[in-house]
Amino acid sequence: MKLNGHSPVDLIINNRKRIEKIFAILLVFSLICIPMVGVNYDLTEYLPDSTSSAQALDIMESEFTYPGMGRVMLEDVTLYEAKNIKDRIADVDGVDMVMWCDTSTNIYGSSQFIDYSDIEDYYKDGDAYMDIIFLEKDSSSRTHAAVREIEQIVGDRGLVAGSAVSDTNLGPTINAEVARVMVLAVIIIFLILTITTTSWFEPVLFLSVLGIAIIINMGSNIIFGEISFLSNAVGAVLQLACSMDYSIFLLHAFTEEKANGIAPEQAMANALRSAFSSIGASGATTIVGFLALALMRFGIGPDMGFVLAKGIFLSLVTVLLLMPALILRFQGLVAKTQHRPFIPKQWRGFGEFAYKIRKPVLIVVLLLIVPCYIAQGMADFTYGNEAVANSEGTAVYEAEQQMNEKFGQSNMMLALVPLDGNITEKAMTEELGDLPYVKYALGLASALPEGIPEDFLPDSLTSMLHSENWARVIINVRSAGESDAAFAYADEIRSIIDKYYPGEQTYLVGVTPSTQDIKAIIVPDNNLVNIVSLLGVALVVAITYKALFLPVVVLIPIESAVFINTAMPYIYGQRTMFLGFIIVSCIQLGATIDYSILLTGNYLDARAQGDKKEAAVRAVTVSAESILTSGMILMTVAYGLYFMTSVEAISGLGQLIGRGALISMLLVLFLLPECLIIFDRWIVKPGYAEKKHEKMNRIRGKKLEIPVLSELHRQRLALHAQLRENRRARHKAFRSRLHAVLHSKDSHPAEQEPDSKKEETDHEHK
């Protein structure tokens, strides 16, 4: 394809200065846009509109606003001190109501008349416990400000926890931890690249190019308005780890062309043409793997899929457009900073070892694959916000544990029922309150004194529980937000609500009902995403190699690695987030299929010149360094997320990706050679080597077309060159005269120059 008579490769090289300016503008614009991209930490906002929870949330926000929830425990306080602090919290802007024992007990009476056993859910052994309901949702800036003020009121006299507190602290926590992970990742990647390359400046060049692509991706997220916390946390890290190969492929191709004595510009043109297919295939498989997430009905899938796929696409564009310009600009610096290789270039022994153990590895994988396939869906999964917020090791988690130990668990649910009459609402509320696992059930009908009409109460009180069309009943359950017991309690509460309002539309809102809806949506999504990502990657491989059976062979080690990796949580008895379980299948497939493609291509090249054994040994020998380099980078970055983040959803995803990269790397090096030998007759085409040789000859035969310069432009360039030469000559002459003068002064320090000579010297200096 040619544009205005020139091929795209010619245009890239001849317009490299313009490309540098364009990327500089994009970089500055993206840096400005990054702070404007919103980040969402609430998984319930990604539920489809058709789910009960999504519909209930819409009603809550329009009729009452959907409240955030908080918990406070005061230590070593009297009832009167607790009451004083409770009133101060209730007066905080953004707080709707504070649930405490003073709603049902006269705490100002004599202690002899207070039955402390009746209020031990709120006051026990000198400690007081309160539930806080905010006016706006957990992620609201108004709620965040209220949480900060409550923390100041409580001070060191107690603890503050709950979903609103988790959301308030989550953003700063994630941002700080991911920043540390990125710094560590850059340092470790620099060390890995330094060991595997032969120039001190090459790692700087790689990281600079991908750093620009990452910043542009982060800034361009403004087109979405808001992205999920998962996309924000792992997007940059995964983009860095998954797209490092592209720049390595291009620089190695350029170095190989230059080693043949070809001029730099022509060498870069040849490198772009020869590396484009491998870079394009590698990027396409990763993009397809990420885009498969966009088919999920649960909205966080499209959110992550589009952000990650866009990041890989921008990395491809940056490597293919900007990196050639930077390589040509800094080729002298790369040459000056050459160092001796730190690792041996001959991996023959490693290739022979891989060939020897190929059959035992195949037997082990065959024994493991079926049990692992079955076990991958049997782990203890989490589905909702609790895996995001209350992760072990965070301050909120520790506060929650202390509160649970002292006063038991607290799980707030809200029932929305039609505003049909107080009698039905009161009967339902009382039955809910009598359930053994319910701390209290509070509705306006049940709280109204007998005989007092609702109209007698101020609107500020009634509007909390009654709107124009709906009544809201607050139900506090003694359970975690996400557990089998909580799900059973929610189902029973729903059945009681339906009993009092048969045939009418009612809703149950809260962490537990939302988590049940997420689970119902996300589990079927898993099968769809796996099938689409697998077929998409297979299609890319088939098109790249123009072979129908080859994708099956290429995918065997990667899919085996996916099954083994996703079975590990069940084998270890480890609780893991189901969302990460889905995401890692796509990421592991898309990011590590490159290893399999690379080794298969080298096998086909070697097979055209030798037998199966030699081809297998040579394929591993040639591919090992690249596979180990790429795999170590992805593994290091992912395990950085695992070890350095306290948020369970992110650390768990990092562990799955890091372990998946390691398993994929090992199976490609030790299992794939045997698969290639077994299926050799179906994948090796006659004349493969000759066709590839002809292709490389065609590439090297294409000369770089440099635009013809006008006569006036030629004269201008010649004039500039002559001026530069004249300046260099004058500077050289001046340095020679200055050296002679200084040398003569040093040789005769006692002699004074005549005035005329001194004036002449001063004149020369000027």
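Values as computed for the structure displayed
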{"item": "Per-pair calculated FRET efficiency, R0 = 45 Å: K685 and D49 via Cβ, rounded to 0.05", "result": "0.30"}
{"item": "Nearest-0.05 FRET efficiency for V370 and A145, computed from C-beta distance (R0 56 Å)", "result": "0.55"}
{"item": "Ratio of Rg to Rh over region 167-302 (Cα coordinates, Kirkwood Rh, two decimals)", "result": "1.04"}
{"item": "Calculated Kirkwood radius over Cα pairs in Å (choose from [x] 29.8; [y] 30.7; [z] 27.8), label", "result": "[y]"}
{"item": "Fully extended contour minus Cα-Cα distance, from Q152 to V317, at 0.36 nm per residue", "result": "54.5 nm"}
{"item": "Nitroxide proxy distance, nm - points 7 Å out along Cα→Cβ at I195 and H731", "result": "4.2 nm"}
{"item": "Accessible carbon and sulfur surface of region 301-377 relative to its total accessible area, %, 1.4 Å", "result": "73 percent"}
{"item": "Shape metrics for region 264-306, restricted to C-alpha atoms - Rg then Dmax, Å", "result": "16.1, 50"}
{"item": "Per residue value of the accessible surface for the chain (all protein chains in place, 1.4 Å probe), Å²", "result": "46 Å²"}
{"item": "Net dipole in debye of region 247-355 [+1 Lys, Arg Cβ; -1 Asp, Glu Cβ; about Cα centre; nearest 20]", "result": "180 debye"}
{"item": "Region 1-73 versus region 287-301: alpha-carbon centroid distance in Å", "result": "15 Å"}
{"item": "Chain lengthening between D93 and K336 when straightened (0.36 nm per residue, less Cα-Cα)", "result": "81.1 nm"}
{"item": "Phi-based couplings in Hz for region 216-227 (Karplus 6.51, -1.76, 1.60; Gly and Pro marked x)", "result": "5, 5, 5, x, 6, 5, 5, 5, 8, x, 8, 10"}
{"item": "Mean ellipticity per residue at 222 nm, deg cm²/dmol - from DSSP H runs of n ≥ 4 across the chain, formula -39500 (n - 2.57)", "result": "-22000 deg cm²/dmol"}
{"item": "Relative contact order of the chain, pairs being alpha-carbon contacts under 8 Å that are 6 or more residues apart, as %", "result": "17 percent"}
{"item": "Spin-label model distance (nm) - Y572 vs S495, 7 Å beyond Cα toward Cβ", "result": "3.8 nm"}
{"item": "Where the Cα pairs of region 285-385 fall when distances are cut into 5 Å bins, in %", "result": "2, 9, 8, 8, 10, 12, 14, 14, 11, 8, 4, 0"}
{"item": "Helix axis angle, 550-572 relative to the chain longest principal axis, alpha carbon, degrees", "result": "40 degrees"}
{"item": "Added length on full extension, which subtracts the Cα-Cα distance from 0.36 nm per residue, Q402 to D420", "result": "2.3 nm"}
{"item": "Angle between the chain longest axis and helix 395-407 axis [Cα atoms, degrees, rounded to 10]", "result": "20 degrees"}
{"item": "Most to least packed among 549-557, 605-613 [average Cβ atoms within 10 Å]", "result": "549-557, 605-613"}
{"item": "Within the accessible area of region 100-251 (1.4 Å probe), percent carbon and sulfur", "result": "58 percent"}
{"item": "Accessible surface of region 588-665 [probe 1.4 Å, protein heavy atoms]: carbon and sulfur percent", "result": "55 percent"}
{"item": "Dimensionless Rg ratio for region 597-685, taking C-alpha atoms and the 2.2 N^0.38 Å reference", "result": "1.36"}
{"item": "Folded to 0 to 90 degrees: helix 755-765 orientation relative to the chain principal axis, Cα", "result": "60 degrees"}
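The values are calculated or read from the model by the stated rules, or taken from the named source; none is laboratory data. Bear in mind the structure is a predicted one, so any value in this text is a computation, not a measurement. A quick note on method: Cβ atoms are made from the backbone with ideal geometry, for glycine too, and the neighbour counts reach across all protein chains shown. The area values use the complete protein model at the heavy-atom level, side chains included, leaving out ligands, DNA and RNA. Shrake-Rupley method; radii C 1.70, N 1.55, O 1.52, S 1.80 Å.
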